[in-house]
Amino acid sequence: MRYLLGFRDRGAAAGLAREIAAAVVPRRRYHLMEFCGGHTHAIFRYGVQDLLPANIELVHGPGCPVCVLAVPRLDAAIELAALPGAILVSYGDMLRVPASRRRSLLKARAQGADVRIATSALDTLDIAAAHPQRPVIFFAIGFETTTPATAHLIREAGRRGLENLSVFCNHVVTPAAIAAILDEPRVREWGRARVDGFIGPSHVSAIIGSRPYEHFAREYQRPVVIAGFEPLDVLQSILMLVRQINEGRACVENQFTRGVTSAGNTKAQALVADVLELRPRFAWRGLGELPYSGLRIKPHYGAFDAERRYPIAEHATVENAACQCPAIIRGVKKPTDCAIFGTACTPRDPIGACMVSAEGACAAHYKYRRAAQPAPA
Ligand code: SF4
């Protein structure tokens, strides 16, 4: 903990803030997107935006795993939970995410479905071993940070012969989402998120390394700085981005050298490559269908694939008309642009996914900044 406190030191933060203020070009605006929900949470929690000059705007990105899961996939998980005798195992945040027709996994559980919360994918092994006669399905979501654990779960299920265990795989990959934001095929509909540089994710990058971002820096001429989650990490990364932008450079820099290397965790990458493969297309909430952006289970582990084992129908859904989550996930709008932020939609009673997870922009804004908002007239 003492080690961590060093990255939260007020004096050092004030010093970095002064360096940033001295570095910015006064008439220039800097739009910096923090891709990862962990950074969004840290920025609100530590009031990072308040330490920055007015011409630096932090844009929240799509890196909250709960927020980007398309509603039809959540609907499908609810249907899997309703299979006779089934046990659906899920990360806790997913239970309160609103599905279509005002359903959720939490409501399904209240109505009798056996939905259990796991803190690790591997918890599913013990549940499956304890209930050999019942289908046990792990609802796998998330970016590259959690993907190796799912791959390990599938391998272990095979090794232990747990034939009743399967995985409903919804893992997504970060580079595809960054490309979608920069390419923005639906500009007219949503508007374009202005992004001059990226604060790159740290946990994801610990797995995939810093190399995959080089494409964005080179092809889109956007600097990327991979940042740790502590406030000093974020401030230092912002300073590094400002310097790159001022100098007309666009390259990948690594502020989080204590956790990320250029190659990443090659063992974890090999594990994932053995078990999972890219889908040709996958639908994201807010970003739409993106090519090669989601993962599925490879055929040689097909016995553990819930999508092969059970009939899963995905039905088109309509978003709640008031909810601005899709635009917030794209970095086009802010939580306070939503007319029902903090009134009809709160963390206690969320309407959209961005209000559920601590990494969601609306939830983070509600928890740390609501008091700072002027009262409605
Ligand atoms: S405040 Fe609620 S309804 Fe509005 S955008 Fe955020 S999650 Fe959606």
Where residues in segment 256-274 are in contact with a Ser or Thr (Cβ under 8 Å, 6 or more places away or on another chain) and not small (G, A, S), which of them is surrounded by the fewest Cβ atoms within 10 Å (Cβ to Cβ)?
T261
Any residue in segment 52-81 that is free of Cβ contacts under 8 Å to residues at least 40 places away in the same chain sitting within a Cβ distance under 8 Å of a residue that is buried (at least 24 other Cβ atoms within 10 Å of the Cβ) and in a loop (DSSP other than H, G, I, E, B)? List the pairs, counting only those 6 or more apart or interchain.
L74/V97
Residues (under 29 Å from A130 (Cα atoms) and among the polar types (S, T, N, Q)) located in segment 61-111:
S90, S104, Q111
Given (1) under 23 Å from I78 (Cα atoms); (2) within 12 Å of the ligand (Cβ to nearest atom); (3) of a type in the set (F, W, Y), where does W284 come up short, assuming only one miss?
(2)
Give me the helices (runs of 4 or more DSSP H) completely within segment 208-309, filtered to those with at least 3 residues that are at pLDDT 95 or above, ordered by residue number.
231-247, 266-275, 306-309
Could you count how many residues in segment 223-232 are surrounded by fewer than 22 Cβ atoms within 10 Å (Cβ to Cβ) and either more than 17 Å from A17 (Cβ to Cβ) or outside the structural domain of L182 (by TED's automatic domain parsing) (or both)?
1
I'm trying to understand the selection: among the residues of segment 27-41, which are under 16 Å from K333 (Cβ atoms) and either surrounded by fewer than 24 Cβ atoms within 10 Å (Cβ to Cβ) or modelled with pLDDT of 95 or more (or both)?
H31
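Here is a yes/no grid of residues against (1) within 15 Å of the ligand (Cβ to nearest atom); (2) of a type in the set (A, V, I, L, M, F, W, C); (3) assigned to a loop (DSSP other than H, G, I, E, B); (4) open to solvent by less than 40 Å² (accessible area, probe 1.4 Å):
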{"position": "T317", "(1), (2), (3), (4)": "yes, no, yes, no"}
{"position": "C323", "(1), (2), (3), (4)": "yes, yes, yes, yes"}
{"position": "A339", "(1), (2), (3), (4)": "yes, yes, yes, no"}
{"position": "Y366", "(1), (2), (3), (4)": "yes, no, no, no"}
Just to be sure I understand the filter: pairs with C-beta atoms under 8 Å, separated by 6 or more residues or on different chains, first member in segment 314-331 and of a type in the set (K, R), second member more than 13 Å from the ligand (Cβ to nearest atom) and open to solvent by 70 Å² or more (accessible area, probe 1.4 Å). Which pairs pass?
none
Test: residue in segment 287-297 that is within 16 Å of the ligand (Cβ to nearest atom) and among the polar types (S, T, N, Q):
no
Looking at T147, T124, can you tell me which residue is under 20 Å from D274 (Cβ atoms), in contact with a Phe, Trp or Tyr (Cβ under 7 Å, 6 or more places away or on another chain) and either open to solvent by 30 Å² or more (accessible area, probe 1.4 Å) or in the same structural domain as S293 (by TED's automatic domain parsing) (or both)?
T124
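The values are calculated or read from the model by the stated rules, or taken from the named source; none is laboratory data. Every value quoted in this text rests on a predicted model; they were computed, and no experiment measured them. Virtual Cβ from ideal backbone geometry, glycine too; neighbours counted across all protein chains shown. Quick note on the areas: whole protein, heavy atoms, side chains included, nothing else; ligands and nucleic acids left out. Shrake-Rupley method; radii C 1.70, N 1.55, O 1.52, S 1.80 Å.
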